[in-house]
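Every read-out reported here was derived from the displayed coordinates using simple, explicitly stated rules and does not represent laboratory data. Just so you know, these numbers come straight off a predicted model, no measurement behind them. No Cβ is skipped: glycine too gets one built from the backbone with ideal geometry, and neighbour counts run over all protein chains shown.
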Amino acid sequence: MRLSIALTLVGLACVLATPQGYAESPNRTDDNQLKHNESLLPELEKLARAQGDHFFTIVEIFNGETNSAVIRENIRCHNAYSIAKLFTVTALGIMEDKGLLDIDEPIYPILQDYFPEEFDPKWRDVKISDVIRHRTGFGKAGFLDIDAENSARWDRNFLKIVLSDPLKYAPGEKYVYTDATFYLASRIASEKCGEKLNEFMIRELLDPLEFAEYAFSTDPEGYPIGATGFYSSTEDMAKLGLLYVQDGVYNGKRILSKRFVDEAFDRTFELYPVGSEGVAFTKGGAYGQLLYMNRKTKRVVAAHSYQGDTGKLLEFLAENDN
């Protein structure tokens, strides 16, 4: 059964679980180094179980096999929190491949009909690439975070909230992580493809990746938040990482161009490096959600948890997935 439902959530603040590298790790296996062609799931499961019942499921895709470790019995679909941002990036990449947008085009002509009468003129210089790299110019982190604030108290027009904000920085100048950027990306996508982002994403990304079940959090007008509130199984979430390590191909079918895949890694479109070799990347979400991928070994690891320490899993992967 496939579900696409509108959810408005209230929770704690969304955090970015994107470590920038691990030079040394307590999980190093100097005398008993794991072979590069072995499954790492048993060791990852041990690390997760050592934390109690925080983890739900860990999935590893490696050497053509998908294997799961269920740490705690759970419902099938979980909130990916900020990993939703990578799904939004991927949808934008597909749109660029189809000629519907240019990732470096300015956003003002796209959204000009939605701007208030008076707005910060710096908005005219914002590009889509600034938005998806958290360099729009916002001055406050966590802006428009439905996971942390009571959105029922906001203006029912979320886009008005965002576009009325005076930008503290020049576009492209400073990295400020906030959910407002990816809500903006969702609305840009909708304007460019002529339908809501979730409708486009289901047809062009989730169906080709054979997702079994999913749901989206939306604003009061039915537009997906884009920054959070994407729900799926851990097994299905891992398929997004597989798409990237396979340069945009899934089951022999190209879904995303290799050009955009390379650009997403090179320009940090929600793909953050792990270690110093430039081959392993991660995207995290609040409360311990993890999507890890290694372009060299083609290994993908996904995890859903509640307050699980994914840093320990990443330390182990940085030392042993090479």
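Would you please give the FRET efficiency between Glu199 and Lys46, computed as 1/(1 + (r/R0)^6) with r the Cβ-Cβ distance and R0 = 45 Å, to the nearest 0.05? List each step's numbers first, then the result.
On the way: r = 42 Å, r/R0 = 0.92.
FRET efficiency, Glu199 to Lys46: 0.60.
Using only the alpha carbon atoms of the range 166-205, find the Kirkwood hydrodynamic radius as the inverse mean reciprocal pair distance, in angstroms to one decimal. The partial results should precede the final answer.
Working: mean 1/r = 0.0852 Å⁻¹.
For the range 166-205, inverting the mean 1/r across all distinct Cα pairs yields 11.7 Å.
In sequence order, what are the phi-derived ³J(HN,Hα) couplings for the range 200-208 according to the Karplus relation 6.51 cos²θ - 1.76 cosθ + 1.60 with θ = phi - 60°, rounded to whole Hz, with x for glycine and proline?
5, 5, 4, 6, 9, 10, 6, 5, x
When only alpha-carbon atoms count, how far does the chain stretch along each of its three principal axes, as whole angstroms with the largest first?
So the three principal-axis extents are 66, 39, 38 Å.
Quick one: work out the % antiparallel among DSSP beta bridges in the chain, nearest 5.
Working: 33 of 35 bridges.
Among the beta bridges of the chain, antiparallel pairing accounts for roughly 95 percent.
Calculate the spin-label point distance for Lys122 paired with Arg259, positioning each point 7 Å from the Cα along the beta-carbon direction, and give it in nanometres.
Here the modelled spin labels are 3.2 nm apart.
Using only alpha-carbon positions, what ratio does the radius of gyration of the range 125-255 give when scaled by 2.2 N^0.38 Å?
On the way: Rg = 15.9 Å, N = 131, 2.2 N^0.38 = 14.0 Å.
Relative to the rule-of-thumb radius for its length, the range 125-255 sits at 1.13.
Which residues' amide hydrogens lie under 5 Å from the amide hydrogen of Ser164, considering only partners 5 or more residues apart or on another chain, with H built in the peptide plane?
So Ser164 has HN proximity to no qualifying residue.
Over 21 Å between Cα atoms: which of Lys122/Lys168; Lys192/Lys253; Lys85/Lys192; Lys85/Lys239 fall into that group?
Details: Lys122/Lys168 9 Å; Lys192/Lys253 24 Å; Lys85/Lys192 18 Å; Lys85/Lys239 15 Å.
Pairs exceeding the cut-off: Lys192/Lys253.
Can you run phi through the Karplus equation (6.51, -1.76, 1.60; θ = phi - 60°) for the range 221-226 and list ³J(HN,Hα) in whole Hz, with x for Gly and Pro?
In residue order, the calculated couplings are 8, x, 8, x, 5, x Hz.
With only alpha-carbon pairs counted, each pair once and no self-pairs, how large is the Kirkwood hydrodynamic radius of the range 167-236 in angstroms?
13.4 Å
In percent, how large is the relative contact order of the range 33-96, given Cα pairs closer than 8 Å and 6 or more residues apart? Please report the intermediate quantities before stating the final value.
Values: 46 pairs, mean separation 15.3, N = 64.
RCO, the range 33-96: 24 percent.
Top mean-square fluctuation among Thr57, Thr282, Thr268, Gaussian network model of the chain, C-alpha springs under 10 Å?
Thr268
I'd like the orientation of helix 84-97 relative to the chain: the angle between its Cα long axis and the longest Cα principal axis, in ° from 0 to 90, rounded to 10.
Compared with the principal axis, the helix lies near 70 degrees.
If you bin every alpha carbon distance in the range 166-322 into 5 Å steps from zero, what whole percent lands in each bin?
2, 8, 15, 19, 22, 18, 10, 5, 1, 0
Whole-Hz ³J(HN,Hα) for each residue in the range 127-140, computed from phi via Karplus 6.51 cos²θ - 1.76 cosθ + 1.60 with θ = phi - 60°, x for glycine and proline: what do you get?
Result, ordered by residue: 10, 4, 5, 5, 4, 7, 10, 6, 10, 5, x, 4, x, 10 Hz.
Report the Stokes-Einstein translational diffusion coefficient (µm² s⁻¹, integer) for the range 204-294, Rh taken as the Kirkwood radius over Cα pairs, at 4 °C with viscosity 1.567 mPa s.
Values: Rh = 14.3 Å.
Estimated diffusion coefficient is 90 µm²/s.
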